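Throughout, read-outs are computed from the coordinates displayed, never taken from laboratory work. Note that the coordinates shown come from a computational prediction; the quantities given were computed from them, not determined experimentally. Reconstructed Cβ throughout: ideal geometry from the backbone, glycine too, with neighbour counts over all protein chains shown.
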Amino acid sequence: MQLDWLKPLTGLEGPFACATLDASNLDPVTRTRRLAAWGSARRELERCGADGDTLAVLDEAVTDPTGAGERTRVVCASQGHLVLDVGMEGRPRQESSSFGPVPRVMEVVRGLDGKETHAVVRLDREGADIEVIDPSGAIVTATDVTGEHDELRKVGVGGASQRRFQARAEDSWKHNATQIAAELDRLVRRLRLGVVFLEGEGHMASYLVDQASGPTAELLVRLDTGGRAAGTSEAAETTARDAALGRRRAARDARLLERFGDAKGAGSTVEGWDAVTEAVAKAQVAHVLLHSDVRDGGEAPGTADSTAEDRDANALIWSLAPVGAEISLVAQPFDAKDGVAAILRWNDAS
């Protein structure tokens, strides 16, 4: 995961007041619950020393509406300015607040790592509805592509006439698929999509696969759910896409661990909090691997439950952004002291 979104913050002066909140919008009383949770976090931040101007900008931020469904929101402010406001799919592991020199952003990394900007293409024989969704789960753009050809059904009239109707129908489908493919090519180039999910009409999906250009064709993943017709199951669509994204993330982890093993054999890795922190300070680190089960906090700021490991996770992320290093949360087991390791750009021997 690149930390470009965090880099501008590293030039700012703290302390930072941060809150990780359950921003889910599920029923009429959700807003009341959300404001009550923020009220508790706000009092704790005030007790820890957050100033009134900083708390006021957080008040304004957390009362803004969020998207529907289960959502997490992470907000940070400093010296009366909102410096980070990130929404993500799913509920947080635990709501939390913090006030200190390093913002607590581990929940952002946990929520966005391994996520990709992707397109969902819902097909029928006339065209497609295309949505582009960013890693936070927000819809970036929505497009309706409807083909110009209207000979859409094969008609069983028999003999040569039937063959002509079949040919005309297939020509229409192919033409419409060509228009959809052209729009997808444009979106892939402009928005740097990581994957394109095809849902719905099977023949159109096949024609679209044939018509897509090389870069787009490599991103296509066909699913057996959804489509453009009314009454399709959104829950089934979401489950199928999440499963496909999960498989892609597992494949990414496998590649990363293979790369880590090769680098370890060449003496270009370090393990453990102390060694990784020292390597970051020397700008040696190219990529940090952090076990996904590492604790990320959630305790009230200033309490005895806030462990050195929690502080290190956030401080480590904070220190990676200025040197352009990446971080990945790895769900698969890997042998590393403290559950953290780094692949180095160069080692001391070199």
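Using modelled backbone amide H atoms (1.01 Å from N, in-plane), which distant-in-sequence or interchain residues come within less than 5 Å of L220's amide H?
Amide H neighbours of L220, under 5 Å, 5+ apart: V196.
For the chain, return all DSSP H helices satisfying: extent of Cα atoms along own axis at least 30 Å; mean Kyte-Doolittle hydropathy at least 1.6.
On the way: long enough: 159-191 (48 Å, -0.97); 234-265 (46 Å, -0.89).
Flagged H segments: there are none.
I need the GluC sites (Glu not before Pro) found in region 114-148, filtered to DSSP loop residues with at most 11 other beta carbons within 10 Å of theirs.
Details: sites: E116, E126, E131, E148; in loops: E116, E126, E148.
Hits after loop and neighbour filter: E148.
Taking H as built 1.01 Å from N, whose amide H comes closer than 5 Å to the amide H of F16, not counting residues under 5 places away?
G100, V102
Under the rule of -39500 (n - 2.57) per DSSP H run of 4 or more residues, summed and divided by the residues of the chain, what mean residue ellipticity at 222 nm is obtained, to the nearest 500 deg cm²/dmol? Provide the component values of the computation, followed by the final result.
Numbers: 9 runs with 138 residues, N = 350.
That comes out to -13000 deg cm²/dmol.
Once Lys and Arg get +1 and Asp and Glu get -1 on their Cβ, which of T178, A217, A266 lies farthest toward the positive end of the dipole of the chain?
T178
Taking only pairs that are 8 or more places apart or on different chains, how many Lys pairs in the chain have Cα atoms under 27 angstrom apart? All intermediate terms of the calculation are to be shown ahead of the outcome.
On the way: K7/K115; K7/K282; K115/K264; K115/K337; K154/K174; K264/K282; K264/K337; K282/K337.
Summing the qualifying lysine pairs gives 8.
Only counting other Cβ atoms within 10 Å, I'd like F334, F197 sorted with the fewest neighbours first. Numbers along the way, then the final one.
Working: F334 16, F197 23.
Placing the least packed residue first, the sequence is F334, F197.
Please state the shape class of region 1-125: rounded when a/c is under 1.5, otherwise prolate if a/b exceeds b/c and oblate if not, all from the C-alpha gyration tensor.
Details: a/c = 2.36, a/b = 1.38, b/c = 1.71.
Oblate is the answer for region 1-125, as a/c is 1.5 or above yet b/c matches or exceeds a/b.
In the chain, what cysteines have no partner Cβ closer than 4.7 Å?
So, C48.
In angstroms, what radius of gyration and Dmax does the chain have, counting Cα atoms only?
Cα only, the chain: 24.5, 85 Å (Rg, Dmax).
So for I139, I130, fewest C-beta neighbours within 10 Å to most, what's the order?
On the way: I139 11, I130 20.
Neighbour counts put them in this order, fewest first: I139, I130.
Relative to the Cα centre, what is the charge dipole magnitude of the chain, using +1 at the beta carbon of each Lys and Arg, -1 at the beta carbon of each Asp and Glu, and rounding to the nearest 20 debye?
Working: 41 positive and 56 negative charges, 164 e Å.
My answer is approximately 780 debye.
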